Structure formats: structure tokens, C-alpha cells
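Report on the following structure.
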Amino acid sequence: MRAIISRQAGDFIRQHCKDANVVCLTGAGISYESGIPLFRGKSGLWEKYDPDVYATMDGLISVFRQRHGDLAKFVFDFYSLLYKARPNPAHTSLAALESAGIVRSVITQNIDNLHQEAGSRAVIELHGNALRIRCLGCRKTFKFEKERSKEMAELLKKNMGSRMKLLKVLSRYFPRCKDCGSRFRIDIVLFGEALSENELSAAYEQLAQCDVLLIVGSSLLVYPAAGLPLYAKDKGAKLIEVNTGISALSDICDYSIMGKAGIVLPEIAGILCR
Ligand code: APR
Ligand code: ZN
């Protein structure tokens, strides 16, 4: 199969990434080949589900009150995709580049846990993780196993006709905390909510010392994540982008490689790990 990375791009990557400190910023595009939908664009999640309703706390509460069946359907759709998703060669290439000591960390906007499943250990999750639940009071977290999330989604769909039954299912999967009595919720950042200070400061710390920021599969439209490439550039990092289209920051990247992450990243790993 013809390589998708040109000789010129390969030389650039070899010159700047070999024996360098590379940090990777990922978006929904890296998981698209694992069956997780993008957020934007013609088949994006936000085309089907209004983010003002399904990605804000007020919206979710109001849709539960007025159209609880729609909420059950959204949660079922979302977790059914997540349950089936497996890491693709882009995720596993980043894990290999981490093991080779080239990629120091992955900063992800994704909530699908696929970087961890692929073997990446240094993962900074800016928008949380849909396979983890967090106590609203003391912020204690637990894994929300895929099996359990699928079971919940199926029960929600089965009981989508009755708000009382939905409440019963939700209180079973999001119980009260034994330590502080508050309720658990999915540990993701909704629109209008603050990102975790720890994750954000960890991201800035990584970017302050990296030689190259490899940006994979993000439209770079949502802040503060979209501000990270500008910060890295200010600190002297080179920006290399992998995307099937252009992003809001393609014009400030030192190199843009057009192509699917699942094809381009294994080639980058091939160049740097041999
Ligand atoms: N390989 C590489 N890039 C791809 C691929 C692919 N196979 N398929 C799509 N892309 C690119 C698109 O061109 C687009 O630039 O991935 C990007 C996906 O953009 P979005 O759907 O906007 O996703 P993302 O940038 O991660 O969104 C950021 O917005 O809604 C919030 O919280 C949500 O974390 C998300 C944030
Ligand atoms: Zn608690």
C-alpha cells in the first residue's frame, strides 16, 4: 500500500521527533476509525443530538423532565457505541511511541478510554472519562466498567416509557457515596462546566517542555483545549497536525499531514521506532 506520508513529511518528522520530547493532543478524529462518531460535521453527534440539551447539565435535567424517553435513547446510543469500540492502530501507535520514550504523554479531549485500552499510560483527560463515575461531594471516583455501562444503557432503553423506572435504574448505577452521602455521576465535563484544574495544569506542564506537539483528529474549536497548541507554539514547540481535513489552527502548524489517523500514525511510529 502506498505510504501516505510524503518523503518531505517523513524527513520533517525524523528531524524534529527522533530523540525528542513529543506530546500528543487528540480529538474525536482519532477514535472515528474505532466507530465513535465525531462531534461536528455531517454525521457528527451534535447533528443528531443538540449539544445545548445533551451536553449541558440544565439541558439533561430538562430533557429528563419533559422527554425522558429521548434521554434514555441518547444514553443507550452513546454507550452502545462506546461498548463496541476498540482501540484502532492510531491509538496503539501512540502507545508504542510512548513505550519507545518518544511520546511523553497524550492529552485527549476524548472520553472513550481508548488510549488507556491501547496501552498508553500517561493520559491527560481534559473532558473526563465516560467509563468512570465521580462523587459529586468528595470527588471520589470508580471505574464504570463497559459491561456495567452496557447493562445500564439496555435497562434505560427497556424502561424508557416510565420516568419512575428510569429514576430507579439511574439511582442503581449512580448510587450515593458511602463516605459523604452525595450522589455519583458520569465523570465527564459538560459544556459550561470547569475542567479539572489538575488535568489542565498537567497539560500545560507537559506543553511547556515539549519539542513537538502532535495534534491528531481535532477541529480545535473548543477552549481551553483549542488554546493548547498556541501555548505550545509560544513555548517554542513545533506543531504537526494529522487530520482528514483542516482545523481552526492548521494555518499555524509547522506541518499538516492529511490522512486518516489509523493510517498515518502507524507510519509515524514506523519512521520513529525503527
Ligand atoms: N483521522 C484524523 N482526523 C479525522 C478523522 C480521521 N479518521 N476523521 C475525522 N477527523 C477530523 C475532522 O476533520 C475534525 O477536524 O477530526 C476532527 C473532529 O472534530 P470534532 O468532531 O469537532 O471533535 P473534537 O475536535 O474532538 O471536539 C472537541 O468538542 O463537543 C466537544 O467535548 C467535545 O471533546 C469534544 C470537543
Ligand atoms: Zn463522596
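The values are calculated or read from the model by the stated rules, or taken from the named source; none is laboratory data. From a predicted model like this one, the values you see are computed outputs, not experimental measurements. When we count neighbours, we look across all protein chains shown, and the Cβ atoms used for this are built from the backbone with ideal geometry, even at glycine. With ligands, DNA and RNA removed, areas are computed over all heavy atoms of the protein, side chains included. Shrake-Rupley method; radii C 1.70, N 1.55, O 1.52, S 1.80 Å.
Of note:
- Residue satisfying all of: in the range 190-211; assigned to a loop (DSSP other than H, G, I, E, B) and within 15 Å of ligand 1 (Cβ to nearest atom); farthest from residue 58 (Cα to Cα) among these: 196
- Here residue 11 does not qualify as more than 28 Å from residue 222 (Cα to Cα), in a loop (DSSP other than H, G, I, E, B) and acidic (Asp, Glu).
- Residues of the range 212-247 satisfying the condition of being buried (at least 17 other Cβ atoms within 10 Å of the Cβ), touching a Lys or Arg at 6+ places or on another chain (Cβ under 8 Å) and either assigned to a loop (DSSP other than H, G, I, E, B) or at positive phi (or both): 219
Conditions tested, residue by residue: (1) open to solvent by less than 30 Å² (accessible area, probe 1.4 Å); (2) closer than 30 Å to residue 120 by Cα.
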{"residue": "36", "(1), (2)": "yes, yes"}
{"residue": "39", "(1), (2)": "no, yes"}
{"residue": "45", "(1), (2)": "yes, yes"}
{"residue": "55", "(1), (2)": "yes, yes"}
{"residue": "72", "(1), (2)": "yes, no"}
{"residue": "81", "(1), (2)": "no, yes"}
{"residue": "87", "(1), (2)": "no, yes"}
{"residue": "90", "(1), (2)": "yes, yes"}
{"residue": "93", "(1), (2)": "yes, yes"}
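- Which listed residue is in contact with a helix residue (DSSP H, G or I) (Cβ under 6 Å, 6 or more places away or on another chain), on the phi < 0 side of the Ramachandran plot and in contact (Cβ under 8 Å) with a residue 24 or more places away in the chain, from 55, 20, 85: 85
- Criterion (more than 11 Å from ligand 1 (Cβ to nearest atom), open to solvent by 30 Å² or more (accessible area, probe 1.4 Å) and modelled with pLDDT under 95) met by exactly one of 274, 185: 274
- Count of residues meeting criterion [within 9 Å of ligand 2 (Cβ to nearest atom) and surrounded by 13 or more Cβ atoms within 10 Å (Cβ to Cβ)] in the range 137-175: 2
- The residue of the range 170-189 that is farthest from residue 21 (Cα to Cα), among those that are touching a residue at least 12 places away in the same chain (Cβ under 8 Å) and part of a loop (DSSP other than H, G, I, E, B), is 181.
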